[in-house]
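Heads up, the thing below is written out as structure tokens.
Every number here is computed from the coordinates shown, using simple stated rules; none is lab data. Since we're looking at a predicted model, the values are computed, not measured. Glycine gets a Cβ as well: all are built from the backbone with ideal geometry, and neighbour counts include every protein chain shown.
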Amino acid sequence: MYILAKSVLALMIGFIASVMLGLVIIPLLRRVKAGQRTSIFVKAHQKKSGTPTMGGLIFTLSTIFTILILYILDKLHISSNLLIILFVFFGYGLIGFVDDYLKIKYKSNEKGLTRIQKLIAQIIIAIFFFYIYMKNGSSPTIEIYALNIEINLGFLYGFFILFMLVGTSNAVNLTDGLDGLAAGLSAIAFLIYGMIAWNSGWLVGYDDVAIFCFILVGGLLGFLVFNSHPAKVFMGDVGSLALGGTLATLAILTHRELSLAIIGGVFVIETLSVIIQIASVKLRGKKVFPMTPIHHSFEKWGWSESDIVRLFYVVGFILGTGAIAYGVWF
């Protein structure tokens, strides 16, 4: 009962902090004209052009501030694992912030950070991650519990960390194309990982890691007050990259790397749709989907934006709870 009360309280604090910060940040973003230019290929989204972006600052800053306040009040401890999570959360958020800023400054979605610049920054974060992870006495292994398989990657685990961080952050970024879609799916995924962390007693600082997850879930729910259809603000790369990188970090630290493909199943589907489309066009000269990521195909098929988001939420929830059920009973 104590765990449940603590989790709900953390979620509530995150929600209140996010809503309050949103009331301040959104008018500020409008004042500095931080509007996003929407894709010219989706006519239904043209009316959204000019909507403020960089809204990810709302839940990233509210989460960091809440963690800092709880730490000062001695209600939360910064373990090595939580330090890794906060570093990735802040680091990937900073990459996204710079990318968003450049796009707004030059009024073009093509004028952000280059792929090389992003990769260099992500490599630095991965190195720090790997260093703290190994110094903490963790094992560089991938465990497949269902098959009772354990693979020791040694120093190659650093590349695995980089692959997970880059892959998941890009997947969340691709999914961020409809009002409330990426934020809602991320809230579901972090809720699941918060529950997993609470039951990972072997994880150093597991309770504080879980609290972080629930604070962030609250922050995302607060962000959805402004981001749900019709969105008053967009997440931007500052939000999507931070969420993706942190999801991958939680999967690695809890040794649920492969479960991420299920818990974040919708993100995987969105990414696969893009990969399949590109491969098909290059190899066959034909499209498989009307438009990718696949949520845009649903729009082409006549679905309303709200109906698509609700469907994807349901799929994400079913996959997430399925992963929990598998972990408990199998």
Work out from phi, with θ = phi - 60° and the Karplus expression 6.51 cos²θ - 1.76 cosθ + 1.60, the ³J(HN,Hα) of each residue of the stretch 211-217, listed in order in whole Hz, and give x for Gly and Pro. 4, 4, 4, 6, 5, 5, 4
Counting other beta carbons within 10 Å of each Cβ, put H295, H229 in order, fewest first. H229, H295
For the table K33/K103; K33/K111; K48/K105; K103/K300; K47/K103, the rows whose alpha-carbon distance is greater than 21 Å are K103/K300
Just want the ordering: S297, S18, from fewest to most Cβ atoms lying within 10 Å of their own Cβ. S297, S18
If you rank D207, D74 by fewest surrounding Cβ atoms within 10 Å, what's the result? D74, D207
Among the lysines, select those whose C-alpha is under 19 Å from the C-alpha of K75, and discard any that sit fewer than 8 residues away in the same chain. K6
Highest-fluctuation residue, F312, F128, F226 considered, GNM on the chain with Cα pairs under 10 Å: F128
So what's the Cα pair-distance distribution over the stretch 1-132, bin width 10 Å, in %? 11, 30, 32, 21, 6, 0
